[in-house]
1. Greater than 29 Å separation of Cα atoms is the criterion. Which listed pairs, Lys5/Lys107; Lys2/Lys210; Lys93/Lys113, meet it?
2. Does region 89-134 come out rounded, prolate or oblate by the C-alpha gyration tensor, with a ≥ b ≥ c the root eigenvalues, rounded set by a/c under 1.5 and, if not, prolate when a/b is larger than b/c and oblate if not?
3. Calculate the spin-label point distance for Asp133 paired with Asp164, positioning each point 7 Å from the Cα along the beta-carbon direction, and give it in nanometres.
Amino acid sequence: MKIGKDLISAVGAENLVKITEGVFEAAIDGVMNDGIAKDIPLIGTFISLASAAGTWRDRRLAEKIEIFLIEVAHLRWSDRSRVVDEIAGTDIKKERLGAEVLELLDKADGLKKPELLAKLFVAVGRGKVNGEDYLRLAGMIAAAPIDDLNALAESHGAGGLQDDRKFILQASGFLAWSIKNPTRGKENSMSKLAEALFDEPFQLEWRLTKDARTILTECFPKPPNRFEEYVSYD
């Protein structure tokens, strides 16, 4: 898909900073210099997406792309180019990467997730996240409801979330659970175990996964120094 290829070209372009300086707005308004348009291949496709003739979904996608690129531009050109090569070292892989990132942006609910996907890319550039993990972690972000991600970031864990929301986050890789030992702190015998199982229903202990802690630490503003494996009980 051409726009996916153009997206990755823009990410690795030395002049990406121009996009953060109102180029998209100028393109939509029809007042952009033709030379700049030629320098940034993505602009042509962006104009067709964001123009009045485009659908609401097209304009929304254009907005998501802009948010993504503005955040990615916080990385130096050398770091951006290195990350692109690290994740996808050949032209075919770059085209595939562009298509996958574009699909993630298109399916992202709201405008916060494009920023999170970009922050994850920046974290790769700064050596905080392995490049090979980018698409997998980006897929986790795309799959989880944004309100639940915000709740995890605010509480540092699953505390306060309803059961159904916890299982949704488990399905997207953010939470893991284990069964609480009903005899913890008690005499460990078969009779006591049977008594505990009879008297107390099974309870689940929830914790953030390693990937979840990475995402929360690197992608959310003003994160705590570390996200502990917060345990909450049903």
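1. Working: Lys5/Lys107 18 Å; Lys2/Lys210 35 Å; Lys93/Lys113 23 Å.
Beyond 29 Å: Lys2/Lys210.
2. oblate
3. According to this spin-label approximation, the distance is 3.2 nm.
A short reminder: the numbers here are calculations on the coordinates, not readings from a lab. Owing to the predicted nature of the structure, the values given are computational and were not obtained by experimental measurement. Every residue, glycine among them, receives a Cβ derived from its backbone with ideal geometry; neighbour counts consider all protein chains shown.
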